[in-house]
1. Considering only residues that are among the charged types (D, E, K, R) and more than 19 Å from the chain's Cα centre (by Cα), which ones fall in the range A:105-119?
2. When only residues in the range A:101-116 that are under 20 Å from B:Thr70 (Cβ atoms) and within 8 Å of chain B (Cβ to nearest Cβ) count, which is surrounded by the fewest Cβ atoms within 10 Å (Cβ to Cβ)?
3. Output the residues belonging to the range B:212-250 that are part of a helix (DSSP H, G or I), over 23 Å from B:Glu274 (Cβ atoms) and touching a helix residue (DSSP H, G or I) at 6+ places or on another chain (Cβ under 9 Å).
4. Please work out which residue is farthest from A:Pro150 (Cα to Cα), limiting yourself to the range A:57-72 and to residues that are near DNA strand C (Cβ under 8 Å from one of its atoms) and at the interface with another protein chain (Cβ under 7 Å from one of its Cβ atoms).
5. Tell me, which helices (runs of 4 or more DSSP H) wholly within the range B:1-115 include 3 or more residues that are charged (D, E, K, R) and either within 13 Å of DNA strand D (Cβ to nearest atom) or touching a residue at least 24 places away in the same chain (Cβ under 8 Å) (or both)?
6. Among the listed residues B:Ala98, B:Ala4, B:Ala92, B:Ala49, identify the single one that is among the small types (Gly, Ala, Ser), at pLDDT below 90 and away from DNA strand C (no atom under 16 Å from the Cβ).
7. Report yes if some residue within the range B:40-47 is of a type in the set (Gly, Ala, Ser), outside the structural domain of B:Asp282 (by TED's automatic domain parsing) and over 27 Å from A:Gly110 (Cα atoms); otherwise report no.
8. Out of the range B:236-277, which residues are without any contact (Cβ under 8 Å) to a residue 24 or more places away in the chain and within 14 Å of chain A (Cβ to nearest Cβ)?
2 protein chains.
Amino acid sequence: MAQATDPSRSGPATLSDVARLAGVSLATASKALNGRSQVRAETRQRVIAAAERLSFRPNQLARGLLAGRTGTVGLLTSDLEGRFSIPILMGAEDAFGAGEVAVFLCDARGDAIREQHHVRALLGRRVDGLIVVGSRTDPRPSLGRELPVPVVYAYAPSEDPADLSIVPDNVEAGRLAVDHLLACGRTRIAHITGDPGYLAARERAAGAEAALSDAGLALVGAPRFGMWSEGWGRAAAAMLLDKHPEVDAVLCGSDQIARGVVEVLRERDHRVPEDVAVMGFDNWQVLTSASRPPLTSVDMNLEQVGRAAAQALFGAIAGARRSGVQTLSCRVVVRGSTAALS
Amino acid sequence: MAQATDPSRSGPATLSDVARLAGVSLATASKALNGRSQVRAETRQRVIAAAERLSFRPNQLARGLLAGRTGTVGLLTSDLEGRFSIPILMGAEDAFGAGEVAVFLCDARGDAIREQHHVRALLGRRVDGLIVVGSRTDPRPSLGRELPVPVVYAYAPSEDPADLSIVPDNVEAGRLAVDHLLACGRTRIAHITGDPGYLAARERAAGAEAALSDAGLALVGAPRFGMWSEGWGRAAAAMLLDKHPEVDAVLCGSDQIARGVVEVLRERDHRVPEDVAVMGFDNWQVLTSASRPPLTSVDMNLEQVGRAAAQALFGAIAGARRSGVQTLSCRVVVRGSTAALS
DNA sequence: AAAGAAACCGAAAAGCTTTTCTGAAAGCTA
DNA sequence: TAGCTTTCAGAAAAGCTTTTCGGTTTCTTT
């Protein structure tokens with residue numbers, strides 16, 4: 001069982017294996033591999049060659065134990081299934097990967113108990129920080145101020161203003177959308193949106209109404225809240241056309257709703273965008289590009305939210321803690337469903 | 001700066017803090033907390049209380065360093081964006097989370113260089129194993145046989161038969177779909193599917209043709225390969241109806257294609273499912289439920305693929321290495337777009 | 001050639017937990 | 001009461017890397 005002379009005896013090679021093969025001490029091997037200056041060039045080469053031959057990788061556990069920093073962070077999502085978490089997660093993973101930080105992924109499935117469990121497990125693994133990704137933009141309970149590592153909340157802000165949260169700016173999103181429609185010459189704009197229990201729905205509506213008001217205009221009818229589904233989009237569009245056949249633009253609270261609206265417009269022989277412009281939110285490619293015509297949509301720049309959260313966490317780990325809610329801009333992606341009135 | 005007497009002086013509490021507070025040695029504290037039997041009940045209580053007060057969590061790095069196992073695995077995806085990775089990832093995360101294993105998430109973005117980089121980083125962190133999640137079912141290059149930890153490939157099998165791969169059974173999926181349509185009394189079945197460069201498309205078509213052949217039937221026309229988009233679904237449906245107006249069922253290679261087909265059928269006043277039954281693959285809720293009528297679809301059970309991969313990796317870590325390609329069954333989810341011929 | 005400086009290498013400790021082994025105390029029997 | 005067993009607590013080592021500090025060698029300078 002014991003194979004004392006076998007170089008590949010058990011598990012990965014350690015620094016002491018490398019040192020032995022190169023005929024130097026542990027300390028020298030370490031310094032050689034880490035570019036420290038206390039070692040002759042020829043010796044360094046020998047050590048590097050030995051490390052190469054054993055395909056040595058320094059044990060990050062030992063390193064972390066010593067340094068007090070592990071180079072890992074926890075990414076705590078509340079629902080992986082939802083499509084909003086993914087781009088944020090991608091942005092964060094991207095930003096961290098560039099900085100040699102590894103990411104522990106935990107999905108709490110929207111359960112507070114499970115979330116607590118994951119937090120404890122992550123702290124046991126001595127993560128250097130946490131990013132908490134929400135599934136909607138409504139504020140969520142804080143993990144608390146007593147955590148031994150910095151925390152950044154992404155998408156869903158923390159209820160505690162002492163925490164740092166990074167969220168997309170839904171009010172501005174509503175403004176931008178209406179500005180685009182106004183720039184297209186539309187003046188009779190209706191708004192069909194989703195569940196009024198969602199802050200995102202209310203904020204986008206508020207932004208839209210503010211932009212219209214700035215232009216001396218108002219929505220055609222009140223904002224129509226309902227559900228985040230194509231079915232609601234179809235139903236609401238039918239009601240809207242019955243009551244306000246004069247509309248020349250429909251701003252929809254999501255791409256799903258917008259698809260429903262476009263379908264009904266097609267069925268009723270309204271031309272899109274010539275007669276009625278339609279736009280949505282989220283810029284969800286599967287929907288925007290499959291629609292006829294393709295949908296103009298507001299992209300919430302979620303990847304950027306993830307990246308910004310990662311960078312903020314970097315900063316906090318380095319000691320530069322901030323707090324409050326930081327909002328990030330979004331952008332209008334123009335496709336065929338909006339165009340200037342001719 | 002130095003606060004020698006402050007119990008919460010720097011970073012999380014260590015076992016030696018607990019031992020000091022409880023007035024025992026490190027060894028005793030460890031044994032007390034780990035349920036070892038060499039400790040008097042009263043002493044154990046004292047230690048537990050101390051640990052509680054300091055909210056002590058054992059440092060998993062030190063533990064891993066000692067044990068040789070870290071209780072972490074790497075989850076290597078090739079594209080997070082793609083919707084197939086996510087359910088697999090959820091299943092795996094779920095299975096691991098239950099076993100106190102933490103998951104490192106890495107997204108290679110389809111880049112082999114980046115993948116290599118991530119593998120090296122993960123090995124440096126001494127993961128106990130790796131799961132490689134592909135974005136399509138075509139075989140992919142192996143990470144190699146020389147890795148010091150077990151690897152399981154999920155969704156995309158490894159090209160090396162010595163590796164273990166867990167994939168959904170696309171041939172059976174095609175069979176099941178046709179069996180369902182046959183059970184509905186359909187006999188003139190056409191197949192519109194996606195990019196023929198995808199193994200999944202070819203296998204599903206093969207399964208479908210095999211099931212028809214078993215029933216003494218054949219497809220209406222050849223399988224129509226194209227793209228994985230609604231647009232292709234619409235175009236292909238139009239061509240199909242022009243050439244074969246007698247079809248009573250269309251099996252579509254994806255839910256996206258199926259939606260396109262349903263739309264064209266509606267526009268041409270064919271009733272779904274009365275005149276023509278339609279079904280898709282993937283069971284992608286956003287599409288299936290928004291369609292009119294809701295789409296019957298084959299669910300590839302991807303979460304189960306993830307869970308099975310996690311369990312296989314557990315087994316391999318425990319020493320029970322397997323190899324080869326293991327296929328998992330899928331299931332038909334019936335909705336409004338298919339029904340028995342009346 | 002001798003002394004001082006510079007360059008280089010190695011021993012040892014720290015970081016935290018678990019386990020084994022040793023030692024001590026308490027309880028029991030003869 | 002002496003000797004034994006049982007029970008419990010502590011010391012020390014292992015696991016791997018990095019860093020500090022001390023020691024040795026080589027080179028330069030006078």
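The values are calculated or read from the model by the stated rules, or taken from the named source; none is laboratory data. A quick note: this is a predicted structure, and the numbers were derived from the prediction, not measured. Using ideal geometry, Cβ is built from the backbone for each residue, glycine included, and neighbour counts are taken over all protein chains shown.
1. Within the range A:105-119, A:Asp111, A:Arg114 meet the criteria.
2. Going through the qualifying residues, I end up with A:Phe104.
3. B:Asp214, B:Gly231, B:Trp232, B:Ala235
4. Applying the filter and picking the extreme gives A:Ala62.
5. Fully inside the range B:1-115 and qualifying: B:41-53.
6. Testing whether each residue is among the small types (Gly, Ala, Ser), at pLDDT below 90 and away from DNA strand C (no atom under 16 Å from the Cβ) leaves just B:Ala98.
7. Yes - at least one qualifying residue is present in the range B:40-47.
8. Within the range B:236-277, B:Glu267, B:Asp269 meet the criteria.
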